[in-house]
Amino acid sequence: MGGQSKTKACACKNISEQEKYNRIAEVIEEYRDKEGSLIQILHLAQGIYGCLPHELQQFIAERLEIPLSKVSGVVSFYSFFTTEPRGENIIRVCLGTACYVRGGKQIVDKLQEILGIEVGGTSKDRKFSLEVMRCIGACGLAPAMTINDKVYKQVNPDKLRSILDQY
């Protein structure tokens, strides 16, 4: 659990690149001998750095003495990981069956129009990132989306601007 406290300490955006890499090196040392630790290390590294660009993946691979392809494969496989900086607020639109049938795709289309980004993208002002997900467990109140950890149910495309204005 010590690694998580290090991540929380890194919430500050004002630390230098070198300090971020130093903290990531500490995380690697703490988890290196634990079986299956790569995902945990990547998760914490992304928390510290904000994303997992190629150079950082290379750094992690070298420190763990594993092939870069293994690190890159894990990063590209799991949708949680990103190689580009995410926005301050993460919007995730549910496209599970109930949400899709009740208008989830229209929610995505309207958000793309409002924010001027594609799914997986981040707005120019770095305020929002747009993602889709399979199910958030609010099927009875579809369509649904989340912004950060707040769930919005029965979302109407015409009300999206007022929801975004809260952020």
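Numbers for the structure displayed
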read-out: Total residues in the range 51-73, condition among the aliphatic types (A, V, I, L, M) and either more than 20 Å from the chain's Cα centre (by Cα) or not assigned by TED's automatic domain parsing to the domain that holds K20 (or both); value: 4
read-out: Any chance G3 is buried (at least 18 other Cβ atoms within 10 Å of the Cβ), over 26 Å from V132 (Cα atoms), at pLDDT below 95 and small (G, A, S); value: yes
read-out: Residue satisfying condition, being surrounded by fewer than 13 Cβ atoms within 10 Å (Cβ to Cβ) and of a type outside the set (G, A, S), within set F77, F59; value: F77
read-out: Flag if I48 is outside the structural domain of V151 (by TED's automatic domain parsing) and more than 30 Å from M145 (Cα to Cα); value: no
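Listed here are the residues, each with its yes/no results for (1) among the aliphatic types (A, V, I, L, M); (2) at pLDDT below 95.
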residue	(1), (2)
P85	no, yes
L95	yes, no
K110	no, no
I114	yes, no
E118	no, yes
E131	no, yes
A144	yes, no
I147	yes, no
V155	yes, no
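The values are calculated or read from the model by the stated rules, or taken from the named source; none is laboratory data. Because the structure is predicted, anything quoted here is derived from the model rather than measured. Every residue, glycine among them, receives a Cβ derived from its backbone with ideal geometry; neighbour counts consider all protein chains shown.
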